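Chemist: The structure is given below, and queries will be raised subsequently.
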Amino acid sequence: MKNLFRIIDILKKNRIINKLYGFIKKYPFYIILGILLLIYTYQTVSVFYPINSYISDEVWYAPSSYNIMTKIFHLNINQTVPFPSGKDLTNYFNLEHPPLAKYIIGVFIYFLGYNYWVWRIPSWILGDLIIILSFLITRKIVGNSIFGNIAGIITSVLIISDPNMWVMHGIATLDIYVSFFSLLSLYYLIKDDILKSSISFGLAFSSKFPGAFLIFPLLYYIKGINISRIKRFLYVVILPLLVYLSLNLPLIIYFGFSSWFNQSFLGALEWDITSGHIVNAPNQISSPWQWLLNIHPFDLGTYSGNDLYLNSFHALVNNYIMILWLILTPLIFILKDKKVTVSYLYPLSIYLGFFLVYFLGNTTIFTYYITDFMPMVYVYVVSSLFLLGLRYYKNLNQ
């Protein structure tokens, strides 16, 4: 027993131990968040790193990222695994989608080689960053108090436990990029950093076009700020458009403006409102209203040669939270908090955008599209309920 007390005394006198204890005492919620992230990252790498096969749409995004790096940027890259068999992808650039995500994937391929686990790394990183951002946004809305920190941790746990986010952050698809940059735009917006929010908005739809629907909540928030109409137009339209065009400049130079405009802009818009993006699998299609009941969750299969096995991963919707999100719509009128309102409108704009796409003619829509906005749904649900509870508690004590 004396030896135990001696050890405790030694530890108390150790400066490093004291500083560590002080940090834990001062920032306990950061410690909790860090532990959650470590577990989440470990599980992610454990599950997705060993899979030596293309998963779902990786068959399109990995080769197109490689082609962009080697043919447009003229970089030499060691191709350690072959392109998917049965598909002629030697000159495929995935022009039906904007290029940003493929640039990011391509950078990792350039430095680490063309390999399965390499093109998934950016998604793993963004998955962690989404959890951190969701914590910070929720805390910002609720308030930097113990309640705000608890709310932030709850939001993080909900995202970590979301089955769709788990699958989509583990593989190389575009939706996790839209999700991250949309969330980043919301983060800067509620901090009233309009410039960075506008740039992040541009980055969102430079990853995939559903991010463009954020123009409506962004405009709503900026309208309440005392700036000129010209500046509003600059932040909402001109600056995001410049971001998009700047990122497309390498493609414009390579293909020529006319060809790029027809293929990567008009062609992409036509692709977005056209059905038929999946064949012989009608049970994979799920309309936006069916997401509320988790009908036909998408199977993200793995490839073996030309064969696709559809029983590997499933983009399951947390439909109970989605229903709760819509039920809690009246809270934006009850709470009358602009930050809460915009945290509701950000995911709603993308969700309604898929309804628009559906009614314009694209009926081949899938459950994994909720990745684009689902973290923001969790932010709104948790922060609005916490603010309602805090307001009720405050009224009781008056």
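Each value in this text was obtained by applying a stated rule to the coordinates, not by laboratory testing. If you're wondering where the values come from, they're calculated on a predicted model, not measured in any experiment. Cβ sites come from the backbone with ideal geometry, for glycine too, and all protein chains shown count toward neighbours.
Chemist: Most mobile of Tyr30, Tyr177, Tyr110 per a Gaussian network model of the chain (Cα springs, under 10 Å)?
Modeler: Of the options given, Tyr30 has the highest mean-square fluctuation.
Chemist: With each label point set 7 Å from Cα along the Cα-Cβ vector, what nm distance links Lys191 and Val81?
Modeler: For Lys191 paired with Val81, the spin-label model returns 3.6 nm.
Chemist: Any aspartates and glutamates with Cα under 19 Å of the Lys191 Cα? List them, leaving off those in the same chain fewer than 8 positions away.
Modeler: List returned: Asp337.
Chemist: Moving to a separate point now. Using the structure shown, select from Lys231/Lys336; Lys196/Lys394; Lys208/Lys339; Lys71/Lys196 the pairs with a Cα to Cα distance greater than 29 angstrom.
Modeler: Long pairs (Cα-Cα over 29 Å): Lys196/Lys394; Lys71/Lys196.
Chemist: Tell me the angle of helix 239-255 to the major Cα principal axis of the chain, expressed in degrees between 0 and 90 and rounded to the nearest ten.
Modeler: 30 degrees
Chemist: Got the relative contact order for the chain handy, in percent, Cα pairs under 8 Å and 6 or more residues apart?
Modeler: 19 percent.
Chemist: Mind giving me the FRET efficiency for Tyr30 and Ser312? R0 is 35 Å, r the Cβ-Cβ distance, nearest 0.05 is fine.
Modeler: 0.50
Chemist: Angle, helix 58-67 long axis vs. longest principal axis of the chain, Cα atoms, 0 to 90°, nearest 10?
Modeler: The angle comes out near 70 degrees.
Chemist: Before rounding to the nearest 500, sum -39500 (n - 2.57) across all DSSP H runs of length at least 4 in the chain and divide by the residue total; then give [θ] at 222 nm in deg cm²/dmol.
Modeler: Values: 19 runs with 239 residues, N = 398.
The per-residue figure over the chain is -19000 deg cm²/dmol.
Chemist: Once both axes come from the Cα atoms, what is the angle between helix 2-13 and the longest principal axis of the chain, in degrees from 0 to 90, rounded to 10?
Modeler: Value to nearest ten degrees: 70.
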